[in-house]
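The numbers here are math on the coordinates, done by the rules we state, and not lab data. Every value quoted in this text rests on a predicted model; they were computed, and no experiment measured them. Here the Cβ positions follow ideal geometry from the backbone for every residue, glycine too, while neighbour counts run over all protein chains shown.
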Amino acid sequence: MTTVLAIETSCDETAAAVVSDRTIISNVVSSQIAIHAPYGGVVPEIAARSHVETINQSIAQAYTESGKTWAEIDGIAVTIAPGLIGALMVGVTAAKTLAMLHHKPLVGVHHLEGHICSAFLADPTLEPPFLCLLVSGGHSSLIQVKDYGTYEVMGKTRDDAAGEAFDKVARLLGLGYPGGPAIDLIAKTGDAKAFKLPQGKIADHPYDSSFSGLKTAVLRLTEKLSQQAELSIDKLPIADLAASFQETVALALTSRTIKCALEFGLQTIVAVGGVAANSALRSHLTNAAATHNLNVIFPPLKLCTDNAAMIGCAGVIHLNKGETSAMTLPAQSRLDITQSKTLY
């Protein structure tokens, strides 16, 4: 059994965890939502400072709760790319310090690979190949997982990612931050068929996503409704607007995912990332997969958003393959997942 202490600080969650193979021993997440909410989004400088303030206590808590000794920990895994560079550097510095202090190998993990590995924690029997729908604040990707560490991007974000669109539309509708949970909650009381909105299809790249046009369509619709009825934002049919927007995103992602799985003969679909927590997406993708006799896996909600357990799972996989990272490996704000092998 391989045991890893993992650190995740790519954006606005300070997280630490201890993972043994595909079992979570401890998992600590310190959220910055309340800090960034007044700004309507993540402020990079504030995020980095908050990581500095909480990283040590998060690591200490994860280590203590695990009940493990340093002799029982086989390596230190850390998100090294992509993400906010200031935030990443806090976690990477902490990980390198621990690795040197306790004479443990360092494993730099690609953040998107971490999200993919959250599916292994959800279903320990899962094995490649499979199709991964990775939807978060910065990514709307379809990734074919051919083997451990071997990925092919089938579709990607052209402009606004799904999570980014949720945040922007939530701000437009006066629902606050973060937008995903806010829209999901109020949409339960709305009519998802009230307004027809564009799914942002790209004719020559059927698996790519584009949600900028959808966001603009919601803006134009709210302006039109306001002018027609002389209504202020708080008197618009917010629940119907939110439900229609959410339904459009869920249907767009579902149709592209199912089409891709069928075309490439992939029987299993996993949906990961923050937007994978969305109830409409879970419902539509589950039903569509069942129609085509496909298997679909969703991690539990706590593993959809950023966490260190998924980074630890990826770290275990790489350690078991004999792959470790150089202590000189720098944090990187950008790195395609197909280049993740350059980290070892």
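Quick notes
- Crossing angle, helix 111-122 versus the chain [Cα axis fit, 0-90 degrees, rounded to tens]: 90
- Ranked for footprinting exposure by Cβ neighbours inside 10 Å, fewest first, R334, R282, R256 give R334, R282, R256.
- Here the chain is treated with +1 on each Lys and Arg Cβ and -1 on each Asp and Glu Cβ, and its dipole about the Cα centre works out to around 340 debye.
- Solitary cysteines of the chain, where the nearest other Cys Cβ is not under 4.7 Å: C11, C132, C260, C304
- Pairwise FRET efficiency - D159 versus T338, Cβ, R0 = 22 Å, nearest 0.05: 0.60
- Antiparallel DSSP beta bridges within the chain, percent to nearest 5: 60
- Sorted by Cβ density within 10 Å, fewest first, the residues H110, H284, H103, H205: H103, H205, H284, H110
- S140 long-range amide H proximity, modeled H, under 5 Å: T157, A162
- Computed lengthening from E127 to I33, 0.36 nm per intervening residue step minus Cα-Cα distance: 30.4 nm
- For K341, the aspartates and glutamates whose Cα comes closer than 15 Å to its Cα, not counting residues fewer than 8 places off in the same chain, are E113, D147, E152, E323.
- Amide hydrogen neighbours beyond the local backbone of T2, cut-off 5 Å, H modeled: D21
- Taking θ as phi - 60° and the Karplus parameters 6.51, -1.76 and 1.60, the scalar couplings of segment 155-169 work out to x, 8, 6, 8, 8, 6, 6, 4, x, 5, 5, 4, 5, 5, 5 Hz in sequence order, x denoting glycine and proline.
- Here the peptides 78-85, 337-344, 168-175, 39-46 are ranked by packing, the mean other Cβ count within 10 Å, and the order with the highest first is 78-85, 168-175, 337-344, 39-46.
- With contributions of -39500 (n - 2.57) from each DSSP H run of at least four residues, the per-residue ellipticity at 222 nm computed over the chain stands at -14000 deg cm²/dmol.
- N320 paired with K146, simple spin-label distance in nm, labels 7 Å along Cα-to-beta-carbon: 2.1
- For the chain, the Kirkwood hydrodynamic radius comes to 20.5 Å, computed from all pairs of different C-alpha atoms.
- Segment 1-43 and segment 115-150 have Cα centres spaced 18 Å apart.
- Taking each of K201/K224; K68/K156; K146/K215; K188/K224; K235/K302; K68/K146 in turn, the alpha-carbon distance tops 29 angstrom for K68/K156; K146/K215; K235/K302; K68/K146.
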